[in-house]
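Q: Please find one structure pasted underneath; my questions will follow.
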Amino acid sequence: MKIKHTVAVLALAGFTSLVPAQQPAPQQDGIPVTKLSRLRVFADEQTVNEQSKLQYTQLLKEAEQKKALVPDSDPRVQRLRAIAQRITPFAARWNPAAADWKWEVNLLNSDQVNAFCMPGGRIAFYTGILSKLNLTDDEVAMVMGHEISHALREHARKRMVESTGMSVAGKLLGAGVSAYFGIDPRVTDTVAGMGAQMISLKFSRGEETEADTVGLDLAARAGFDPRAGITLWQKMGAANSSQPLEILSTHPGGDSRIKEMNRNMPLVLPVYARTRGTTADRLPPYKSLPLPPKS
């Protein structure tokens, strides 16, 4: 019996050695990737991209005619493109189609504190956001990551579908209420339209929050300090002391954005720290630049 037991143990050990050991799952750090909105499939991708390309080309053409397109040789343009070159390799994590995008980065001479990224990777910054906020490279990366995220998450396609759906739903609701209660259709149309607009604003604030979150992840992977997102919105708040109520705005309030960024900071700070060859707890405090004096 002892011999049989020994043979059985040895046979089991031999069989186990032939079975490959289970490999640990790859480390998933940073912001978890979520699926793109299903609504976007109801807007044709090719049509959206073609419209985007035409609009961007027309914008650059008009800017050039007005001497508002900052030349490629300008250090500010070169700075923006260098930052984009570090961020865009990580874009496909959030949208595989981005691996084939032909990225463009241009700078427009305008006092506007603004920037955007159209579908297909067409980026534009206004000189006002660089000069009025005195942005560090990390803060520029936060802005760029945010705008790129709108394109990656295909918010433009999603909004086209939502806008059409809200308009139709509002008219149907207004007609139904009017017929049931005998109210003037013009009144119900107005009320239904306002309700649809409020829902649409909520959708938009959700997209802004998603763009903030994805932008943090992109910038951190590219080696930019995500804590710059906090200082960026502190600067925004100081530069824009008056702003509409959050519930009536397409953008979340600065305090809300900072709160959400701080909530996600434990996820993205280790990613950034790894690019610096250290750990999150050993990172020095982040230092921004002061706002320029008001003229």
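The numbers here are math on the coordinates, done by the rules we state, and not lab data. These figures come from a predicted structure and were not determined experimentally. Reconstructed Cβ throughout: ideal geometry from the backbone, glycine too, with neighbour counts over all protein chains shown.
Q: Can you pick out the pairs among Lys53/Lys235; Lys102/Lys259; Lys66/Lys132; Lys61/Lys287 whose Cα atoms lie more than 30 Å from each other?
A: Numbers: Lys53/Lys235 32 Å; Lys102/Lys259 34 Å; Lys66/Lys132 22 Å; Lys61/Lys287 38 Å.
Over 30 Å Cα-Cα: Lys53/Lys235; Lys102/Lys259; Lys61/Lys287.
Q: How would you order 219-229, 58-68, 205-215 from highest to lowest mean count of nearby Cβ atoms within 10 Å? The partial results should precede the final answer.
A: On the way: 219-229: 25.7, 58-68: 13.0, 205-215: 20.8.
Packing proxy ranking, top to bottom: 219-229, 205-215, 58-68.
Q: Full-extension gain between Thr57 and Leu289, please, as 0.36 nm times their residue separation minus the C-alpha to C-alpha distance. Show your work: numbers first, answer last.
A: On the way: separation 232, 0.36 × 232 = 83.52 nm, distance 3.39 nm.
Contour length minus Cα-Cα distance gives 80.1 nm.
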